[in-house]
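Structure, as structure tokens:
The values are calculated or read from the model by the stated rules, or taken from the named source; none is laboratory data. Note that this is a predicted model, so its numbers are computed, not measured. Reconstructed Cβ throughout: ideal geometry from the backbone, glycine too, with neighbour counts over all protein chains shown.
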Amino acid sequence: MYGGAMSHTQSAAAVRTKDRFLVFGAPAIEDAEIQEVLATMRSGWLGTGPKTARFEVEMARYKQSPHAVALNSCTAALHLALLAAGVGPGDEVITTPLTFCATVNAIVHAGATPVLADIDPVTYNIDPAAVERAITPRTKALLPVHYAGRPCNMDALCELARRFELTLIEDCAHAIETRYHGRAAGTFGEFGCLSFYVTKNIVTGEGGMVLTRNESDAARIKVLGLHGMSKDAWKRFGDDGYKHYQVVDAGFKYNMMDLQAAIGLHQLERIERYWLRRRAIWQRYDEALANLPVERPAPPEANTRHAFHLYTLLIDAARTGITRDAFLDAMTKHHIGVGVHYLSVPEHPFYQGRFGWAPEQWPNAMRVGRQTVSLPLSARLTDEDVGDVIEAVRRSLRTVPRGMALASEIA
Ligand SMILES: Cc1ncc(COP(=O)(O)O)c(C=O)c1O
């Protein structure tokens, strides 16, 4: 039944027209944040200020985290969390090969050595047994990623962190809404790092945040995030009169602006509505694509909350008759934007050259990375958009029986 109905080179009418290209990851933006951005611009205070401080308070409340420090990216959050944890040259940090390069680069920028532990082939999250095998006397921290918004096995990872006295830093770039056994992702370890990048579940354009339990860690991250200037240096131009600051460390320019927080504050108010919408889209994909010869994401685990950040399909050419990359091209021809999250980290030349890694050393991540495709999953999508994605998947896989017209061709 699969393949053969049409040759893969044969062109068919696209599901959508070019001028209606469905951009992968385009966020839902509403009038409230547009007005707040305008008001911020008119106020004259565009940079780090009271809105950033309010966004930190609101996010800390949402995540039930004692402290939160807003920064300009999750990459910055990861870097400063590692520095605050005291990670540096001579230390090893264990992370997953199925992540964005930023996770590994942050470890490199902290001066430490990244060590990869393979993923579980079903959940795509780091496998605690592989983590345990990778621990050495030099291991200082664990940096798991809640891939696609599905929580990692935090019972096992927390137990390892305790047993081997490791700092636990959670990469929550996909996991703002994620919960595990009643607790928010990002609050299990010493640090949790969030992303508000344009494709994320809530956005500020660029933006990130560190969650931490410890007041002194929050203060250190705040100082490191603004040039190493003494705490609250951003207030120096306020109406209390000019304040001198002291530079107490060689810090970075990682601070979030009020212009960004203006967007995030309103996005955060809608986080549940957006989550419900993405869950509904996820469920629709799951039902509509169930009979196709592709691997769909594992169902969410009981007693957890999946953040539904990515909906992925694995395209195995042996089953579908079409390679993953040909499938990506076919979806684009139907004017549906798709993503790849991710080619496994050791596929990239920098890591091969620097660390001598080869993708085959982490076979589960290699397989997923070579077969995975992410479908659009934004709260912005209409029911019609979702129908178009489903139809484009079917057509790209050539699973429409010969002679049978598709709904859009009849219409
Ligand atoms: C898993 C993961 N970690 C880290 C990052 C970096 O986030 P940011 O773009 O906010 O620096 C991303 C962003 O795509 C990500 O997906």
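Consider residue 80 carefully, then state whether it is surrounded by 22 or more Cβ atoms within 10 Å (Cβ to Cβ) and over 21 Å from residue 341 (Cβ atoms).
yes
Looking only at region 174-196, how many residues end up being in contact with a Cys (Cβ under 7 Å, 6 or more places away or on another chain) and not in a loop (DSSP other than H, G, I, E, B)?
4
Give the residue, chosen from 87, 57, that is without any contact (Cβ under 8 Å) to a residue 24 or more places away in the chain, away from the ligand (no atom under 16 Å from the Cβ), under 23 Å from residue 213 (Cβ atoms) and hydrophobic (A, V, I, L, M, F, W, C). Reasoning before the result, please.
Numbers: 87 fails: without any contact (Cβ under 8 Å) to a residue 24 or more places away in the chain.
After applying the criteria, what remains is 57.
Being within 15 Å of the ligand (Cβ to nearest atom), among the charged types (D, E, K, R), at pLDDT 95 or above and surrounded by fewer than 22 Cβ atoms within 10 Å (Cβ to Cβ) narrows it down to one residue among 170, 206; which is it?
Numbers: 170 fails: surrounded by fewer than 22 Cβ atoms within 10 Å (Cβ to Cβ).
Sole residue among the options that is within 15 Å of the ligand (Cβ to nearest atom), among the charged types (D, E, K, R), at pLDDT 95 or above and surrounded by fewer than 22 Cβ atoms within 10 Å (Cβ to Cβ): 206.
Could you tell me whether any residue of region 247-254 is in contact (Cβ under 8 Å) with a residue 60 or more places away in the chain, within 16 Å of the ligand (Cβ to nearest atom) and within 29 Å of residue 375 (Cβ to Cβ)?
No, because not a single residue in region 247-254 is in contact (Cβ under 8 Å) with a residue 60 or more places away in the chain, within 16 Å of the ligand (Cβ to nearest atom) and within 29 Å of residue 375 (Cβ to Cβ).
From 212, 199, which residue is away from the ligand (no atom under 14 Å from the Cβ), touching a residue at least 12 places away in the same chain (Cβ under 8 Å) and closer than 18 Å to residue 146 by Cβ? Talk me through it step by step, then tell me what you get.
Working: 199 fails: away from the ligand (no atom under 14 Å from the Cβ).
212 is the lone residue from the list that is away from the ligand (no atom under 14 Å from the Cβ), touching a residue at least 12 places away in the same chain (Cβ under 8 Å) and closer than 18 Å to residue 146 by Cβ.
Would you confirm, using the coordinates I've provided, whether residue 156 is surrounded by fewer than 24 Cβ atoms within 10 Å (Cβ to Cβ), in a helix (DSSP H, G or I) and within 12 Å of the ligand (Cβ to nearest atom)? Spell out the reasoning first.
Details: surrounded by fewer than 24 Cβ atoms within 10 Å (Cβ to Cβ): yes; in a helix (DSSP H, G or I): yes; within 12 Å of the ligand (Cβ to nearest atom): no.
Judged against the criteria, residue 156 is not a match.
For residue 58, state whether it is among the acidic types (Asp, Glu) and within 17 Å of residue 196 (Cα to Cα).
Yes; evaluated as a whole, the condition is true for this residue.
So, in region 266-296, how many residues would count as being outside any helix (DSSP H, G or I), touching a residue at least 40 places away in the same chain (Cβ under 8 Å) and hydrophobic (A, V, I, L, M, F, W, C)? Spell out how you get there, then give the answer.
Step one: list which residues in region 266-296 are outside any helix (DSSP H, G or I), which gives 270, 289-296.
Now restrict to residues that are touching a residue at least 40 places away in the same chain (Cβ under 8 Å): 270, 289, 292-295.
Those still in the list that are hydrophobic (A, V, I, L, M, F, W, C) too: 289, 292, 294.
Looking only at that region, the number is 3.
So that you can scan it fast, the table gives a plain yes or no per residue for (1) over 22 Å from the mean Cα position of the chain (by Cα); (2) modelled with pLDDT of 95 or more; (3) not assigned by TED's automatic domain parsing to the domain that holds residue 276:
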residue	(1), (2), (3)
357	yes, yes, no
364	no, yes, no
383	yes, yes, no
386	no, yes, no
391	yes, yes, no
396	yes, yes, no
399	yes, no, no
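Condition check ((1) within 23 Å of residue 131 (Cβ to Cβ); (2) touching a Pro at 6+ places or on another chain (Cβ under 8 Å); (3) away from the ligand (no atom under 16 Å from the Cβ); (4) not aromatic (Phe, Trp, Tyr)) across all residues:
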site	(1), (2), (3), (4)
30	no, no, yes, yes
41	no, no, yes, yes
47	no, no, yes, yes
53	no, no, yes, yes
65	no, no, yes, yes
76	no, no, no, yes
101	yes, no, no, yes
108	yes, yes, no, yes
